[in-house]
Amino acid sequence: MRIEKIEDKCSECMLCVHDCVMGVWRVVDGQSRPVAVDLCNGCSHCIAICPCDAIVHDGLRKEELAGINRKNLNPDVYRDIVMSRRSIRQFRNEPVPRELIEKVLDLVRYAPTARNHQDVGYIVVTDKPLIEKTAADLFGWGNRLYNMTTSGIGRRIINLTGLNKNPYYNLMAYVQMQNAEKGRDYILHHAPVVILIHAAKRKMFVCDDSNIAAATIINYAHTLGLGTCFVGMMTLMLRFSGRLRKTFGVPDNRRVYATLVMGYPAYRYKNTVSRKKAEVQWR
């Protein structure tokens, strides 16, 4: 990796030094110098903050380095995006164009990750028969779990394993009653797109990174007219079922930390919703 300073452009403002958390840029004889290039994690902050375009970094994609139009940073618009977004569980029977999905996933690359690992991956499922079969399999698992509680032995097993404290246990009881009557998919919601968000199994903070990515997806998708919903049941089952992981091609060294369904909402919401006040402590 090559990181250099263009001497005749540099104003020696030292912003690169002050902003580099990895200590790549340091002051040497009163001038900024990239003295620890091996420590660079590719965050691009030095180039992003340099007011003189005086840094050359061959480890970055130059075509992505563009000026920021701060007039577009409107807090009221973002507030409206967050407050108007809903978890969508009823979708139109309409496929989502691949280029629109790619547009969402292209933006999510800019979501923050711990130490700039950028280690979040995505498996996009648009195969309708596969989605329907997966929903049926998940329902079957939940149905068997529910039926286990009908006997005394089954109830004791549930209590001993702690499954009775799992929120999905009670959810499956509800799903069993409703799904049999209406034929409605209460798990993947007949969505045309399922996105599995995965990262390394044994790396710090990757669960946080994955869910930050998921939150970025749901907000940006909302601006594009798409609805989304987290599917915790799918994430849970992918952790326990090797067969399910194989079906979706999850690598052995990766774990799915979040699952989203996506599609065009069947309905539009007229109003925002009510939420509890934030629990805040000041110190």
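The values are calculated or read from the model by the stated rules, or taken from the named source; none is laboratory data. Keep in mind it's a predicted model, so treat the numbers as computed, not measured. Cβ: placed from backbone, ideal geometry, glycine included. Neighbour counts: every protein chain shown.
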Test result for TYR264, in contact with a strand residue (DSSP E or B) (Cβ under 9 Å, 6 or more places away or on another chain) and either within 22 Å of HIS189 (Cα to Cα) or in contact (Cβ under 8 Å) with a residue 60 or more places away in the chain (or both) | yes
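Let's see how each residue does on (1) loosely packed, with under 13 Cβ neighbours inside 10 Å; (2) more than 20 Å from GLY227 (Cα to Cα); (3) basic (Lys, Arg); (4) touching a strand residue (DSSP E or B) at 6+ places or on another chain (Cβ under 7 Å):
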site	(1), (2), (3), (4)
MET22	no, yes, no, no
VAL56	no, yes, no, yes
GLY67	yes, yes, no, no
LEU73	yes, yes, no, no
ASP76	yes, yes, no, no
LYS103	no, no, yes, no
ALA114	no, yes, no, no
ILE123	no, no, no, yes
Just for region 83-101: of the residues that are in a helix (DSSP H, G or I) and either touching a Ser or Thr at 6+ places or on another chain (Cβ under 9 Å) or in contact (Cβ under 8 Å) with a residue 60 or more places away in the chain (or both), which one is surrounded by the most Cβ atoms within 10 Å (Cβ to Cβ)?
-> ILE101
Based on what the data block shows, is ARG26 free of Cβ contacts under 8 Å to residues at least 12 places away in the same chain, surrounded by 14 or more Cβ atoms within 10 Å (Cβ to Cβ), over 30 Å from VAL261 (Cβ atoms) and touching a strand residue (DSSP E or B) at 6+ places or on another chain (Cβ under 9 Å)?
-> yes
In region 190-246, how many residues are among the small types (Gly, Ala, Ser) and outside any helix (DSSP H, G or I)?
-> 6
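The rows are residues; the columns are (1) under 24 Å from the mean Cα position of the chain (by Cα); (2) modelled with pLDDT of 95 or more; (3) under 19 Å from CYS10 (Cα atoms).
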{"site": "TRP25", "(1), (2), (3)": "no, yes, yes"}
{"site": "VAL28", "(1), (2), (3)": "no, yes, yes"}
{"site": "SER44", "(1), (2), (3)": "yes, no, yes"}
{"site": "SER84", "(1), (2), (3)": "yes, yes, no"}
{"site": "SER87", "(1), (2), (3)": "yes, yes, no"}
